[in-house]
Amino acid sequence: MIVTIDGPAGAGKSSVSLKLADALGFFFLDTGAMYRCVTLACLRAKIDLSDPSAALEIAKSCEIELAKGSVKLNRDDVTREIRNPTVAKSIKPIAENPRIRELMVQQQRKICADRHCVTEGRDQGTVAFPDAQCKIFLTASPQERARRRVQQLLDNNIDADYDEILSQQNQRDQNDSSRQAGPLRAAPDAIVVITDGMTEQQVLEHLLGIVKDRLGQGRRQ
Ligand code: C5P
């Protein structure tokens, strides 16, 4: 069974998707980590990221290993480095590159071919797994997402300015929704979950209910 979870930055997808996968005993696929790895590899190779052919060659040379709680790029542990703001700021031309997206989608399908997966990203229900049994589009208002992000940074003793976070987030939403290849949008058959005012535990229980309902439907068919 494949469960896809798509949605904008800051909707709390990553932590809830991981917990959902754990609760179901499914593999968790963080597809954002794959785009982050390719971006990091391009930065390390010091190529011009806006050169699509050079970036594609680097993407082809990336061996990405995703295990629980760890990400390896060509055998090097990059779990923390891919979360670096420089990587996030440089990701746009990589995520917009249609050939790189094709390569990532191929790898995502291969990873999920022989196991139950919760896969999280922007295009999982629309492009990577259009036939997934359960599709969720997880979102929240921009203000709520920015508030949560600020809180998360403050909890980690990092200074955060709400207006700056909101403006960066709006820019990312705009980049993710407007690209030609694999834009951020809900699949027509996705269940849209708006998490404003919900705790993470409430979101998790809600998603578990949706998945179990789908599993039950699958068995009845
Ligand atoms: O989910 P995360 O914030 O780690 O993703 C980093 C970036 O990778 C996103 O802003 C988005 O541009 C890109 N991405 C994508 N398609 C996916 C997952 C992530 O384009 N399936």
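The values are calculated or read from the model by the stated rules, or taken from the named source; none is laboratory data. Please read all numbers here as calculations on a predicted model, not as lab measurements. Backbone-built Cβ (ideal geometry, glycine too); neighbour counts: all protein chains shown.
Worth pointing out:
- Hits in region 22-70 - residues which are over 16 Å from ALA88 (Cα atoms), in contact with a strand residue (DSSP E or B) (Cβ under 9 Å, 6 or more places away or on another chain) and without any contact (Cβ under 8 Å) to a residue 40 or more places away in the chain: ASP22, CYS62, GLU63, GLU65, SER70
- Every residue from region 192-221 that is within 23 Å of GLN143 (Cβ to Cβ) and either assigned to a helix (DSSP H, G or I) or touching a Cys at 6+ places or on another chain (Cβ under 8 Å) (or both): GLU200, GLN201, GLN202, VAL203, LEU204, HIS206, LEU207
- Among the candidates ALA181, ALA132, residue that is in a loop (DSSP other than H, G, I, E, B), in contact (Cβ under 8 Å) with a residue 60 or more places away in the chain and in contact with a strand residue (DSSP E or B) (Cβ under 9 Å, 6 or more places away or on another chain): ALA132
- Criterion violated by ARG99 - all others in (1) farther than 16 Å from ALA181 by Cα; (2) away from the ligand (no atom under 13 Å from the Cβ) satisfied: (1)
Conditions tested, residue by residue: (1) within 16 Å of the chain's Cα centre (by Cα); (2) within 16 Å of the ligand (Cβ to nearest atom); (3) surrounded by fewer than 17 Cβ atoms within 10 Å (Cβ to Cβ).
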residue	(1), (2), (3)
ALA146	no, yes, no
SER167	no, yes, yes
THR199	no, no, yes
GLU205	no, no, yes
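- Filtered by the rule that a residue be assigned to a helix (DSSP H, G or I), within 20 Å of GLN152 (Cβ to Cβ) and under 10 Å from the mean Cα position of the chain (by Cα), region 12-35 gives LYS13, SER14, SER17, GLY32, ALA33.
- Taking (1) of a type in the set (Gly, Ala, Ser); (2) within 26 Å of LYS135 (Cβ to Cβ); (3) modelled with pLDDT under 95 in turn, ALA113 satisfies each apart from (3).
- Residue in region 72-95 that is over 18 Å from the mean Cα position of the chain (by Cα) and crowded, with 17+ Cβ neighbours inside 10 Å present: no
- Any hit, region 65-72, residues being part of a helix (DSSP H, G or I) and either of a type outside the set (A, V, I, L, M, F, W, C) or within 24 Å of THR139 (Cα to Cα) (or both): no
- Within region 102-129, restricting attention to residues that are among the basic types (Lys, Arg) and more than 8 Å from the ligand (Cβ to nearest atom), the residue that is farthest from the chain's Cα centre (by Cα) is ARG115.
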